[in-house]
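As structure tokens, the structure follows; a few thoughts come after it.
The values are calculated or read from the model by the stated rules, or taken from the named source; none is laboratory data. Source: prediction; values computed, not measured. Because the Cβ atoms are built from the backbone with ideal geometry, glycine has one as well, and the counts that use them run over all protein chains shown.
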Amino acid sequence: MHDMSASVSVAMAHLVPLAKEVDENKVTPGVLGFIVFAAMALAVWGLMKSMSRHMNRVDFKEPEKSEVRPAASADVSSTSAGRSTPDGD
């Protein structure tokens, strides 16, 4: 345990002078901040492009009432009529 605290104190002794060289009144994001921002911007651009393509494929027109097939509802009622009750009757 003593060795670990000694290595930490040596590391801190080397880092403290580096921290004093930095101007405390000037904070910039640097290159890493730019890279992260650019990656997020590219991701948003790609997602918006994909969403636009998908939205263009959607047909927003609703079918007319006469075009609705009544056979689909008849199929559902005929299949449910043939089922037995939950108690086995």
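Here is a yes/no grid of residues against (1) touching a helix residue (DSSP H, G or I) at 6+ places or on another chain (Cβ under 6 Å); (2) at pLDDT below 70; (3) of a type in the set (Val, Ile, Thr):
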| position | (1), (2), (3) |
| --- | --- |
| Asp3 | no, yes, no |
| Met55 | no, no, no |
| Val68 | no, yes, yes |
| Asp75 | no, yes, no |
Checklist entry - From the list Thr85, Thr79, which one is surrounded by fewer than 10 Cβ atoms within 10 Å (Cβ to Cβ), in a loop (DSSP other than H, G, I, E, B) and modelled with pLDDT under 80? => result Thr85
